[in-house]
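Down below is the structure, laid out as structure tokens.
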Amino acid sequence: MTTTTDLPLLFLGQGADPGSERGVQCPGELPPASDPELVARAAAAKAALGDQVFVLGHHYQRDEVIQFADVTGDSFKLARDAAARPQAPYIVFCGVHFMAESADILTGDDQKVILPDLAAGCSMADMATFDQVEECWDVLTDLGIGDRVVPVTYMNSSADIKAFVGRRGGVVCTSSNAKRALEWAFEQGEQILFLPDQHLGRNTAVLELGLSLDDCVVYNPHRPNGGLTDEQLRDAKVILWKGHCSVHGRFSKESVDEVRERVPGVNVLVHPECRHEVVTAADLIGSTEYIIKTLDAAEPGSSWAIGTELNLVKRLAAAHPDKNVMFLDKTVCFCSTMNRIDLPHLVWALESLVRGEVPNQITVDPETAGHAKAALDRMLALP
Ligand code: SF4
């Protein structure tokens, strides 16, 4: 099993301060958010650490944090960027827990990965626990189909789940390479167990591999046999885990219809973690990096309704004042766990490092890391 730190990881909504959306598990003096010196303090601590620290900022982070990131990117790009910086002993990961785990797996043993707030988990990753996935595998094995099912897990899963997949000959995927990962998996076996995001799995299987919706079934870990008959499990080409992103899962077909009516000629661009009826109603579908590149290449004067996390959409709108960039949904849709990494937590983490203390280190035990890396390496070797 994965170890993290002396402090327990706070799962979404547990032990957090609902008023501020901040996790309260902070061993030390957290500066108040009202401190007018926060920006200067973060800059001074970062300058004092120099090349000792490498700050990674996920695209969905707040602006107040992103301004101190040495690099920005999606989860996989950031883990690779960290691995490419072996001279930095401290990696401060402004993202969520599973991302920091991946960075720990891919970086050297002498590098320490720090998550400024342990309450920064991911609701999607939390929807597939190790015990639940083991139980699912037992169901498939008892049915006699375990040896023909290849597990594939999205990057947005815990190190335990990546290790589970690695041990059973499966592969990790990102939203950019999910198609290639599924094609590869079908070369290794006859069925796929896709974890933990049912939407990415379904959208890829149906829209990119040409399977039908009936080829996919949804395994609910809270119901006996996943809520499926033996026949359904045997006949499915893709067994989708019943998990989803609480941010991207909010977009609806009604949002797409509404924006098309309100903004003539609008281009609807959404992330593949959105529901199937949303991606089929959109004009373009792609990963966070794809969304950024598409906006970069868009014609001045063009209109874009974007279905992804709000911090990123706001930054894209600010970066493209010559284009009409808007959020797809009418209601606010931040990733609340990403937002838990704020400037006070970043200042606290950096100043702790200046004092020689390593706060909130995320470590993955060697056995788990080895199996998880096998699944990550298979992904890197995909054609
Ligand atoms: S945006 Fe969704 S998948 Fe990404 S960290 Fe937040 S809850 Fe998890």
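The values are calculated or read from the model by the stated rules, or taken from the named source; none is laboratory data. Just so it is clear, the structure is predicted and the values come from calculations on it, not from any experiment. Ideal geometry is used to build each Cβ from the backbone, glycine not excepted, and the neighbour counts take in all protein chains shown. When the accessible area is computed, the model is the full protein with side chains, heavy atoms only, and any ligands, DNA or RNA have been set aside. Shrake-Rupley method; radii C 1.70, N 1.55, O 1.52, S 1.80 Å.
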Going out from 0 in 20 Å bins, what whole percent of all Cα-Cα distances in the chain drops into each bin? 29, 57, 14, 0
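If you average over every viewing direction, what projected area does the convex hull of the Cα atoms of segment 270-366 give, in nm²?
Numbers: hull surface 38.2 nm².
For segment 270-366, averaging the hull's shadow over all directions gives 9.6 nm².
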Could you name the lysines whose alpha carbon sits less than 25 Å from that of LYS373, not counting residues in the same chain fewer than 8 places away? LYS77, LYS112, LYS162, LYS179, LYS242
For the chain, give me the percentage of DSSP beta bridges that are antiparallel, rounded to the nearest 5 percent. 10 percent
Accessible area of GLU351, 1.4 Å probe, to the nearest 10 Å²? 40 Å²
Phi to ³J(HN,Hα) by Karplus 6.51 cos²θ - 1.76 cosθ + 1.60 over segment 356-361, Hz, x for Gly, Pro: x, 9, 9, x, 6, 6
Within the chain, helix-based [θ] at 222 nm, where runs of 4 or more DSSP H residues each add -39,500 (n - 2.57), nearest 500: -11000 deg cm²/dmol
Area accessible to solvent at ARG250, 1.4 Å probe radius, in Å²: 110 Å²
I need the phi-derived Karplus couplings for segment 43-59: 6.51 cos²θ - 1.76 cosθ + 1.60, θ = phi - 60°, integer Hz, Gly and Pro marked x. 5, 5, 5, 5, 5, 5, 7, x, 6, 5, 10, 10, 9, 9, x, 5, 4
Semi-axis lengths (Å, descending) of the ellipsoid that matches the C-alpha gyration tensor of segment 125-178: 19, 13, 8
For segment 168-260, what is the largest minus smallest coordinate of the Cα atoms on each principal axis, given in angstrom and ordered from greatest to least? 42, 31, 21
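Please tell me the relative contact order of the chain in percent, rounded to the nearest whole number, where contacts are Cα pairs under 8 Å and at least six residues apart.
On the way: 790 pairs, mean separation 92.1, N = 383.
With pairs under 8 Å counted, the relative contact order is 24 percent.
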Highest mean packing first, using Cβ neighbours within 10 angstrom, the peptides 187-195, 94-102, 56-64, 231-239 sort as 94-102, 56-64, 187-195, 231-239
For VAL268, distant residues with modelled amide H under 5 Å away: ASP283, LEU284, ALA305
Here the tail fraction of P(r) beyond 18 Å, over all Cα-Cα pairs of segment 183-232, rounds in percent to 32 percent
